[in-house]
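Written out below as structure tokens is the structure these notes cover.
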Amino acid sequence: MMSSQPGGSEKQSWAERRRQKIRAEIERNRRGEYTVPTWVLALALAAIVLAWVVLVILA
């Protein structure tokens, strides 16, 4: 989507920058460039390790 400001040199508001960032992310995801955030991977690893520790302690 094109900016309504000619040349794009004027400062954009916080809301407009946020909208552009969201649009860009959606476009990347539609092209198949989606990646899982690092915090999600860390949370999954912590859950697996915790489950393993509980299994070892209770076994």
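Numbers for the structure displayed
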| read-out | value |
| --- | --- |
| Segment 19-59 - Debye-derived log10 I(q)/I(0), Cα point model, q = 0.27, 0.28, 0.32, 0.34 Å⁻¹ | -0.86, -0.88, -0.95, -0.99 |
| Phi to ³J(HN,Hα) by Karplus 6.51 cos²θ - 1.76 cosθ + 1.60 over segment 22-31, Hz, x for Gly, Pro | 5, 4, 4, 5, 4, 4, 4, 5, 5, 7 |
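Each value in this text was obtained by applying a stated rule to the coordinates, not by laboratory testing. Small disclaimer: the values here were computed from a predicted structure and weren't measured.
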